[in-house]
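A quick write-up on the structure given underneath.
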Amino acid sequence: MNIKNIVFDFGGVLVDWNPRYLYKDHFKTEAEMEYFLENICTDAWNIEQDRGRPLAEATKLLQDQHPEHHDLIALFYGEWETMMKSNISETVKILHEVRPKYNLYGLTNWSAETIDFAYNRFDFFEQFDGIVVSGVEKLIKPDHAIYHLLLNRYNIKADESVFIDDNAANIRTAKELGFQTVHFKNAEQLREKLVEMVVL
């Protein structure tokens, strides 16, 4: 296995992001918070911002549909940074360990309007040789097109690359395209998989 490149997803792999870090302080009960996140500010709504929809447009859309939750909806992007709790330190440690031997790339589903918050907070992003952000490109995982964009833009080959992501659908596409893959569960499991691959 001639591995030259490591491709990291960001959210859930290198960055601990979760809307519950924000909303836990705005609901009386966990059940109320979960209802809001499952039925109002849903994953399906959020992913459209990762696909490129403007944050202001997305916020107004929900506020028009759910005026009784106007202020809570406004918090989602008004206080978005609170959702980004920290880096995932043990994964970042692995990133620094592989950096001397491999090219590092990022392939992330992330809004173009919020990615700079992450870049500014976490200095490990400086280690990457290239990053593809879904909201910037108006393409999104697991669509094949965004993987091809990464490969073509940085002139790398899938079969010379390890792709790390916590989303099973994204992993399936990467496998179809010929990447070696790690379906991320936690840093300890990632380390074990990379040792098996003789990457670490």
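For region 52-77, a residue qualifies if it is surrounded by fewer than 16 Cβ atoms within 10 Å (Cβ to Cβ) and either under 20 Å from Val136 (Cα atoms) or of a type in the set (Val, Ile, Thr) (or both), and the qualifying residues are Pro54, Ala56, Glu57. Contact annotation: residue pairs with Cβ atoms under 8 Å, 6 or more positions apart or on different chains, pairing a residue in region 73-101 that is more than 17 Å from His26 (Cβ to Cβ) with a partner that is surrounded by fewer than 16 Cβ atoms within 10 Å (Cβ to Cβ) and at pLDDT below 95, are Ile94/Leu200; Glu97/Leu200; Val98/Leu200.
Of everything in region 11-33, what is in a loop (DSSP other than H, G, I, E, B), in contact (Cβ under 8 Å) with a residue 24 or more places away in the chain and in contact with a helix residue (DSSP H, G or I) (Cβ under 7 Å, 6 or more places away or on another chain)? Give them in sequence order. It would help to see each step written out before you state the result.
Pass one, region 11-33, residues in a loop (DSSP other than H, G, I, E, B): 12-14, 18-19, 24-29.
Restricting the remaining residues to those that are in contact (Cβ under 8 Å) with a residue 24 or more places away in the chain gives 12-14, 18-19, 26.
Val13, Leu14, Asn18, Pro19, His26 - these are the residues of region 11-33 that are in a loop (DSSP other than H, G, I, E, B), in contact (Cβ under 8 Å) with a residue 24 or more places away in the chain and in contact with a helix residue (DSSP H, G or I) (Cβ under 7 Å, 6 or more places away or on another chain).
Taking every residue in region 41-63 that is of a type outside the set (A, V, I, L, M, F, W, C) and pairing it with any residue that is surrounded by fewer than 17 Cβ atoms within 10 Å (Cβ to Cβ) and in a helix (DSSP H, G or I), at least 6 positions away or on another chain, the pairs with Cβ-Cβ distances below 6 Å are Gln63/His70.
Take Ala187 and decide whether it is surrounded by fewer than 20 Cβ atoms within 10 Å (Cβ to Cβ) and either at positive phi or within 18 Å of the chain's Cα centre (by Cα) (or both).
Yes: the conditions hold for Ala187.
With respect to the conditions (1) of a type in the set (A, V, I, L, M, F, W, C); (2) closer than 13 Å to Val7 by Cβ; (3) out of contact with any Lys or Arg (no Cβ under 8 Å at 6 or more places or on another chain), Val132 falls short on a single one, namely (3).
From the list Phe128, Phe76, Phe122, Phe117, pick out the single residue that is aromatic (Phe, Trp, Tyr) and not assigned by TED's automatic domain parsing to the domain that holds Leu190.
Values: Phe128 fails: not assigned by TED's automatic domain parsing to the domain that holds Leu190; Phe122 fails: not assigned by TED's automatic domain parsing to the domain that holds Leu190; Phe117 fails: not assigned by TED's automatic domain parsing to the domain that holds Leu190.
Exactly one of Phe128, Phe76, Phe122, Phe117 is aromatic (Phe, Trp, Tyr) and not assigned by TED's automatic domain parsing to the domain that holds Leu190, namely Phe76.
Screening Ile156 on (1) surrounded by 17 or more Cβ atoms within 10 Å (Cβ to Cβ); (2) among the aliphatic types (A, V, I, L, M); (3) under 16 Å from the mean Cα position of the chain (by Cα) shows it passes everything except condition (3).
The values are calculated or read from the model by the stated rules, or taken from the named source; none is laboratory data. Treat the numbers as computed from the prediction; the structure is a model and nothing was measured. Note: ideal-geometry Cβ built from the backbone for every residue, glycine included; neighbour counts use all protein chains shown.
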